[in-house]
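Reviewing the structure listed below.
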Amino acid sequence: MSEIDEQQEQKRAIYESLSPRAKTYVAKVGYDKWDPFQKPNDPLDLRKFTTDKTARTMAMGFLQQRKEEHYSNVYAKAVLDMCMGLMDNDERYLAMYEFCRWYQEQPQPHEEVLEQRTFRRD
């Protein structure tokens, strides 16, 4: 038996084991076009920056280098959101990043107050 025939038999066996709802989907797509052997898409968390790190790895690296040992879940989620947004070239996050860089270069008359303030919000 050739490899193509074996694959057709496997396809038929998979089709026969499907639920009626799934068979309706296959009928809509067309049995000939339906490919039960297609590879799954990569999960979103496996998208990588140009540094070859995932967003989660970048966020955890940043959080581990923070001076404060404790930070809220909201703070950690915001860091992860920033990583994901920058990775996706989302204009909203790019604007936040560029603003923060600009703001850092501005003279800060109230700099001492900012250094004393803790940014933890529980």
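Label separation (Trp34 vs Asp81): 4.1 nm, computed from points 7 Å beyond Cα along the C-beta direction. In plain terms, the chain from Ile4 to Gln65 could stretch by 16.5 nm, reckoned as 0.36 nm per residue minus the Cα-Cα distance.
Throughout, read-outs are computed from the coordinates displayed, never taken from laboratory work. Computed from a predicted structure; not experimentally measured. For neighbour counting, all protein chains shown are included, and Cβ atoms are generated from backbone atoms with ideal geometry for every residue, glycine included.
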